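The values are calculated or read from the model by the stated rules, or taken from the named source; none is laboratory data. No experiment lies behind these values; they were computed from the predicted model shown. Here the Cβ positions follow ideal geometry from the backbone for every residue, glycine too, while neighbour counts run over all protein chains shown. Just the protein is used for accessible areas: all its heavy atoms, side chains included, with ligands, DNA and RNA removed. Shrake-Rupley method; radii C 1.70, N 1.55, O 1.52, S 1.80 Å.
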Amino acid sequence: MIEKILIANRGEIACRIIKTARSMGIKTVAAFSDADENALHVKLADESVYLGASEASQSYLSINKIIKACKSTNADAVHPGYGFLSENASFCVELEKAGINFIGPPALAIESMGDKVTSKKIAKDAGVPTIPGFIGVVKTVESAIAIADDIGYPVMIKASAGGGGKGMRIACNSVEVREGFKSSQNEAIKSFGDKRVFIERYIEKPRHIEIQIVADKFGNFVHLGERECSIQRRNQKVVEEAPSPYLDDIIRNEMGEQAIALAKAVNYFSVGTIEFIVDTKQNFYFLEMNTRLQVEHPVTELVY
């Protein structure tokens with residue numbers, strides 16, 4: 001049984017974790033940087049521990065400092081919240097070495113689902129529908145053009161390590177593929193330090209639907225409905241709503257079953273989100289999996 005949680009995060013999510021832990025009789029430790037010395041989560045927690053300077057690299061992103069903080073406060077678990085180290089497989093491994101529980105999924109699931117090419121291969125092997133395209137890293141402009149010609153236009157060029165709309169380009173012809181391939185690689189390097197890209201068919205007038213799943217370590221999996229996040233700006237979500245006004249119960253259940261099938265394929269546990277893209281004929285395709293508590297999770301909490 002976990003007795004004390006160190007929260008390796010700040011702001012709204014840290015406050016929510018503290019409230020939940022308190023309702024369960026679990027003590028909490030708020031980790032903070034210089035910028036958050038007087039923040040609400042620091043005041044709400046049972047204890048607090050200083051991590052370092054305001055820069056995230058010197059505080060919330062420092063694995064060594066977080067582990068040291070756990071040991072100094074006798075915290076036997078870490079909750080990463082979202083962002084920061086929440087999807088860092090190395091963080092899970094280092095915590096395990098130190099004998100500290102990670103409140104989240106296994107490292108292997110984080111690593112495999114964190115790469116879009118690898119995750120698409122796993123999804124396909126699990127029988128989960130994927131967007132038609134080339135499931136592999138495209139290395140040259142010439143290869144990109146040949147692949148796009150074969151898939152059929154328009155196509156989407158995507159960064160393999162991408163997220164948040166970064167490293168994505170739509171191309172409607174070979175000239176745009178040539179330009180998009182280079183710009184997608186450049187943005188991917190700047191944003192993720194990883195220039196790998198892949199290409200898939202661009203789904204026109206798409207609906208963006210994400211399925212919330214929860215799993216334990218005993219093989220139990222459930223999905224908690226969906227969130228509609230089709231209202232976006234520059235491929236970044238602006239509004240989320242649940243349930244989706246677009247899905248019927250049949251499609252909703254099918255998507256939920258496919259989400260669980262993918263989670264089982266990577267021996268997942270904890271909470272996670274599988275994102276799908278849906279076309280105008282209600283065909284749905286796997287997009288990515290977020291191996292963490294979502295920023296948007298409160299939408300599901302309030303509705304379901």
If you count the DSSP beta bridges with both ends in the chain, what percent of them are antiparallel, to the nearest 5? 70 percent
Any idea of ASP249's accessible area? Nearest 10 Å², probe 1.4 Å. 100 Å²
What are the ³J(HN,Hα) couplings of the stretch 264-271, residue after residue, when phi is run through the Karplus curve with 6.51, -1.76, 1.60 and θ = phi - 60°? Round to Hz, x for glycine and proline. 5, 5, 10, 6, 6, 8, 5, 9
Calculate one ³J(HN,Hα) per residue across the stretch 245-261 by plugging θ = phi - 60° into the Karplus curve 6.51 cos²θ - 1.76 cosθ + 1.60, and present them in order as whole Hz with x for glycine and proline. x, 9, 8, 9, 5, 5, 5, 4, 5, 4, 5, x, 5, 5, 4, 5, 4
From the phi angles alone, apply the Karplus equation (6.51, -1.76, 1.60; θ = phi - 60°) to the stretch 9-14 and give each ³J(HN,Hα) in whole Hz, x where the residue is Gly or Pro. 6, 8, x, 4, 5, 5
Stretched fully, the stretch from LYS19 through LYS43 gains (0.36 nm per residue minus C-alpha distance, one decimal, in nm) 7.4 nm
Filtered GluC sites (Glu not before Pro), the stretch 177-270: DSSP coil and at most 16 other beta carbons within 10 Å: GLU204
For Rg and Dmax of the Cα atoms in Å, which listed value, [x] 20.3, 61; [y] 19.7, 56; [z] 21.9, 93, comes from the coordinates shown? [x]
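Looking only at trypsin sites (Lys or Arg not before Pro) in DSSP loops with at most 13 other Cβ atoms within 10 Å, what is the longest site-free stretch of the chain?
With trypsin sites (Lys or Arg not before Pro) excluded where exposed in loops, the chain gives 1-138 as its longest stretch.
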In the stretch 148-167, whose amide N lies under 12 Å from the spot 7 Å out along Cα-to-Cβ of GLU204? List them in ranges. 153-155
Across the stretch 35-118, what fraction of all alpha-carbon pairs, as a whole percent, falls in each successive 10 Å bin from zero upward? 16, 48, 28, 7, 0
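Which whole-number value in Å² is the accessible area per residue of the chain, probe 1.4 Å? Spell out each step's value before the answer.
Working: 14590 Å² over 304 residues.
Per-residue accessible area for the chain comes out at 48 Å².
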Log10 I(q)/I(0) at q = 0.17, 0.18, 0.22, 0.23 Å⁻¹ for the stretch 1-72, from Debye over equal alpha-carbon scatterers, is -0.54, -0.61, -0.89, -0.96
In whole Å, how far is the Cα centre of the stretch 138-197 from that of the stretch 1-76? 39 Å
The chain: angle of helix 174-192 to the longest principal axis, Cα-based, in degrees nearest 10: 10 degrees
Roughly speaking, what is the stretch gain from ASP249 to GLU55, that is 0.36 nm per residue apart minus the C-alpha to C-alpha distance, in nm to one decimal? 65.2 nm
Under 13 Å from a point 7 Å along the Cα-to-Cβ line of GLU301: which residues of the stretch 24-43 have their amide N that close? 24
log10 of Debye I(q)/I(0), alpha-carbon scatterers only, for the stretch 1-140 at 0.13, 0.15 Å⁻¹: -0.61, -0.74
Taking H placed 1.01 Å from N in the peptide plane, check which residues at least 5 places from GLU288 or on another chain put their amide H under 5 Å from its amide H. GLU275
From largest accessible area down, sort MET255, MET24, MET1; use a 1.4 Å probe on the protein chains. MET1, MET24, MET255
So what does THR130 come to for accessible area, using a 1.4 Å probe and Å² rounded to 10? 30 Å²
Just from the alpha-carbon atoms, what are the Rg and Dmax of the stretch 221-304 in angstroms? 12.5, 34
